[in-house]
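The structure under discussion appears below in the form of C-alpha cells.
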Amino acid sequence: MKGVQKLAASVAASRKPVAADNRSSRCRRKVLGNQIIAALDAYRVARDGMAEQTFFQLLWLAIRASAPRPQRRSEVRQAPGTSPRSQAAHNPRRNGYAAEC
C-alpha cells in the first residue's frame, strides 16, 4: 500500500487544470447538462401527472359524495319464477296447484 500512496501523492502533485477549450471537457459538460435537463423534465412530467391524478380522484370523490343516493325498497321482492303461481304455470300438476290460464 505504501507504493500506491507514493504514486497517488505524485499524481496529485502533477495535476493541472484542463484548458477551457478542451474538447473532452466540453463534451462531458454538454452530456451531463443534457442528462440533468432530461432528469428534471422527467421529474416535472411525473410530478404534474401525479398532481393531475390526485385532483381528479378528489373531484370524483366529491361528486360521488354529493350525489343523491337511491332510496332502498323496504319490501323484499320474490325472485322471478319462484312464486307458487308462476311455478304452477310451468308445471300444472305440481303440489296440487292448478295453472290459471
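In the chain, the longest principal axis of the Cα atoms and the axis of helix 23-66 are about 20 degrees apart.
Going through (1) 13.1; (2) 22.5; (3) 6.7, the figure that equals mean projected area of the Cα convex hull in nm² as computed for the structure here is (2). Taking Cα atoms only, the orientation of helix 2-13 departs from the longest principal axis of the chain by about 80 degrees. Along the stretch 83-89 the Karplus relation, 6.51 cos²θ - 1.76 cosθ + 1.60 evaluated at θ = phi - 60°, assigns HN-Hα couplings of 6, x, 5, 6, 5, 5, 5 Hz to successive residues, with x for each Gly and Pro.
So which residue, out of 26, 73, 44, gets the largest mean-square fluctuation from a GNM of the chain using Cα contacts under 10 Å as springs? Answer for the Gaussian network model of the chain: 73.
All of the numbers you see were taken from the coordinates with simple rules; none came from a lab. Everything numeric in this text was worked out from a predicted model, so none of it was measured.
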